[in-house]
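**Student:** Okay, handing you the structure first.
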Amino acid sequence: MIDTATPNRKGPLDGIKVLDFSRILSGPYASMVLADLGAEIIKVEPIEKGDETRNFPPFQGKLSHYYIALNKNKKSLALNLKSAEGVQIAQDLAAQSDIVLENFRPGVMDRLGLGYETLREANPRLIYCSITGFGQDSPLGDKPAFDIVAQALSGVMSVNCEPGQAPNKLGIPMGDMAGSIFSLFGLLAALHERNSTGKGRHVEVAMLDSLIAMQGYLSQIYFVTGESPQPVGTQHPSIVPYGAFPTSDGHVIVACLTEGFWHNFARSLDMEELIEAPLFSVYEQRLANRDALHEIIYARMKRDTTQYWLERLSEFDVPSAPILSIGDALEQPHVRDRGLVEAVDHPTEGPLRLVRGPIRFDGQGPLAPNAPNLLGEKTAQILSEDIGLSDDQIQMLLAKGIIRVPD
């Protein structure tokens, strides 16, 4: 069931103000999650073209798909940070913010006069979050970092392929996303600590560190055996059977993580004798004889269709699934009934479909979203309401090229 929103309800981060200098993905995803939780997000963008992702095709009208995906529920402030006046405006906003978020290379914010040490002098309660590719003290610190670079250096690409095939990047931008996710952990922990101490923190998260932290059992395989895990495609390095199995017209995912599920799977194949077979009866034996077991399973499953096996596996309570396209995944009943996609109206481009955040409180999902702003859409409002500039002062800043409002 879709949760019913309570009128005028507020998120748990209501009252938290975030000054967001980040762009592309690793920072904007984090600030979008904070917005879903009720925080106010002021997104600072360059006055020329805004966040670089505003220019990434494909477009809905003049809106980039990329920008739409990561920038709902934010207030766009178009500001020239190459000017003293622009930096002063940013400093004034930081002085009354709870969080500053940035994802530039190390040293960039310091050179702008917007580094942590500078901003905390006026606001000791400020929590300042820096998301970088490699961290301040890494030998790679000055190297430009994008998702695929972090994936390559983390080792994840080496196992993300079928055996014998070329390494491949993950289909989702996990290098960027990992930095976003761990920055959220750090920010929320720092907010909690500030309730006791009254003091802020400098939260630092590196994309490469985050991906390495997410390796889980893969890193432990190396530590235990001294050998790097090898690619196994959709299979699992230490659990069998697990992965994509061919049918007469496609593939089905099967995941037998427990002995009970393995027994259920064998029964669904009408091959209960496999349960007691010496080569397959326990984890270690199935792993050692993976190829022989797969040959048996493949021969059986190829005789029937994907739909047959989905129904059969469900009947026998075997963890299983079809392999859906992105479109099919977004249109499936689960997404509809959970209310994970919703529409908002954009002032120039009409209805936009957006993916909703997954976190629920008391059965209710995130607050109703606002459409991604036009570049500089909230500039005048922020300068007037947040730092008290008059209309004449705002017009003067416009004339001098310090700020920008929509055409």
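**Student:** Just wondering, is there one or more residues in the stretch 365-373 that are of a type in the set (A, V, I, L, M, F, W, C), in contact (Cβ under 8 Å) with a residue 60 or more places away in the chain, surrounded by 18 or more Cβ atoms within 10 Å (Cβ to Cβ) and under 30 Å from Glu259 (Cα atoms)?
**Tutor:** The answer is no, given that none of the residues of the stretch 365-373 is of a type in the set (A, V, I, L, M, F, W, C), in contact (Cβ under 8 Å) with a residue 60 or more places away in the chain, surrounded by 18 or more Cβ atoms within 10 Å (Cβ to Cβ) and under 30 Å from Glu259 (Cα atoms).
**Student:** Sticking with this structure for a sec: Could you tell me whether the stretch 134-152 includes any residue that is buried (at least 16 other Cβ atoms within 10 Å of the Cβ) and more than 24 Å from the chain's Cα centre (by Cα)?
**Tutor:** No: zero hits.
**Student:** For the stretch 160-190: of the residues being over 30 Å from Ile127 (Cα atoms) and of a type in the set (A, V, I, L, M, F, W, C), which is surrounded by the fewest Cβ atoms within 10 Å (Cβ to Cβ)? Walk me through it before giving the result.
**Tutor:** First, the residues of the stretch 160-190 that are over 30 Å from Ile127 (Cα atoms): 160-171.
This time we only want the ones that are of a type in the set (A, V, I, L, M, F, W, C), so: 161, 166, 170.
Details: Cys161: 15, Ala166: 8, Leu170: 15.
Restricting to residues being over 30 Å from Ile127 (Cα atoms) and of a type in the set (A, V, I, L, M, F, W, C), the top hit is Ala166.
**Student:** Here's a follow-up. Residues being assigned to a loop (DSSP other than H, G, I, E, B) and under 19 Å from Ser97 (Cβ atoms): count how many of those fall in the stretch 378-407.
**Tutor:** Of all residues in the stretch 378-407, those assigned to a loop (DSSP other than H, G, I, E, B) come to 378, 386-390, 400-402, 405-407.
Keeping just the survivors that are under 19 Å from Ser97 (Cβ atoms) gives 378, 386-389.
Number satisfying all stated conditions: 5.
**Student:** Please indicate, with yes or no, whether at least one residue in the stretch 312-321 is assigned to a helix (DSSP H, G or I) and either touching a residue at least 60 places away in the same chain (Cβ under 8 Å) or not assigned by TED's automatic domain parsing to the domain that holds Phe261 (or both). Let's see the steps before the verdict.
**Tutor:** Restricting attention to the stretch 312-321, the residues satisfying the condition of being assigned to a helix (DSSP H, G or I) are 312-315.
Adding the requirement that they be either touching a residue at least 60 places away in the same chain (Cβ under 8 Å) or not assigned by TED's automatic domain parsing to the domain that holds Phe261 (or both) leaves 313.
Looking through the stretch 312-321, at least one residue is assigned to a helix (DSSP H, G or I) and either touching a residue at least 60 places away in the same chain (Cβ under 8 Å) or not assigned by TED's automatic domain parsing to the domain that holds Phe261 (or both).
**Student:** Continuing with this model, one more query. Residues in the stretch 136-149: is at least one out of contact with any Lys or Arg (no Cβ under 9 Å at 6 or more places or on another chain) and at pLDDT 95 or above? First the steps, then the outcome.
**Tutor:** First, pick out the residues of the stretch 136-149 that are out of contact with any Lys or Arg (no Cβ under 9 Å at 6 or more places or on another chain): 136-140, 146.
Now drop any that are not at pLDDT 95 or above, which leaves none.
Checked against the condition, which is being out of contact with any Lys or Arg (no Cβ under 9 Å at 6 or more places or on another chain) and at pLDDT 95 or above, the stretch 136-149 yields no hits at all.
**Student:** If you scan the stretch 324-374, which residues turn out to be within 28 Å of Gly250 (Cα to Cα) and assigned to a loop (DSSP other than H, G, I, E, B)?
**Tutor:** If the condition is that a residue be within 28 Å of Gly250 (Cα to Cα) and assigned to a loop (DSSP other than H, G, I, E, B), then Leu324, Ser325, Gln332, Leu340 are the ones that fit.
**Student:** Among the residues of the stretch 111-146, which ones are small (Gly, Ala, Ser) and either over 15 Å from Val203 (Cβ atoms) or not in a loop (DSSP other than H, G, I, E, B) (or both)? Explain how you work it out, then say what you get.
**Tutor:** Let us first name the residues in the stretch 111-146 that are small (Gly, Ala, Ser), namely 113, 115, 122, 130, 133, 135, 138, 141, 145.
Those that are small (Gly, Ala, Ser) and either over 15 Å from Val203 (Cβ atoms) or not in a loop (DSSP other than H, G, I, E, B) (or both): Gly113, Ala122, Ser130, Gly133, Ser138, Gly141, Ala145.
**Student:** Working carefully through the options Lys400, Lys378, find the one that is basic (Lys, Arg) and closer than 19 Å to Leu70 by Cβ.
**Tutor:** Details: Lys400 fails: closer than 19 Å to Leu70 by Cβ.
Just one listed residue meets the conditions, Lys378.
**Student:** From the set of residues in the stretch 24-43 that are under 16 Å from Leu354 (Cβ atoms) and small (Gly, Ala, Ser), which is surrounded by the fewest Cβ atoms within 10 Å (Cβ to Cβ)?
**Tutor:** Going through the qualifying residues, I end up with Ala35.
**Student:** Could you list, in sequence order, the residues of the stretch 330-342 that are under 21 Å from the mean Cα position of the chain (by Cα) and exposed (fewer than 12 other Cβ atoms within 10 Å of the Cβ)?
**Tutor:** Selection gives His334 alone.
**Student:** Let me ask another. Here are some conditions: (1) assigned to a loop (DSSP other than H, G, I, E, B); (2) modelled with pLDDT of 95 or more; (3) more than 19 Å from Leu101 (Cα to Cα). Ala152 meets all but one. Which one does it not meet?
**Tutor:** Status for Ala152: all satisfied but (1).
**Student:** Search the stretch 55-85 for residues being more than 29 Å from Gly15 (Cβ to Cβ) and charged (D, E, K, R), and hand back the single one that is surrounded by the fewest Cβ atoms within 10 Å (Cβ to Cβ).
**Tutor:** Only one residue tops the list, namely Lys62.
**Student:** What's the number of the condition Gln96 fails, among (1) of a type in the set (S, T, N, Q); (2) on the phi > 0 side of the Ramachandran plot; (3) exposed (fewer than 15 other Cβ atoms within 10 Å of the Cβ)?
**Tutor:** Gln96 satisfies all of (1) of a type in the set (S, T, N, Q); (2) on the phi > 0 side of the Ramachandran plot; (3) exposed (fewer than 15 other Cβ atoms within 10 Å of the Cβ) except (2).
**Student:** Can you tell me which residues in the stretch 102-128 are more than 28 Å from the chain's Cα centre (by Cα) and of a type in the set (S, T, N, Q)?
**Tutor:** Thr118, Asn123
The values are calculated or read from the model by the stated rules, or taken from the named source; none is laboratory data. Only a predicted model underlies this, so the values are computations on that prediction, with no experimental measurement involved. Here the Cβ is made from the backbone with ideal geometry for all residues, glycine too, and neighbour counts use every protein chain on show.
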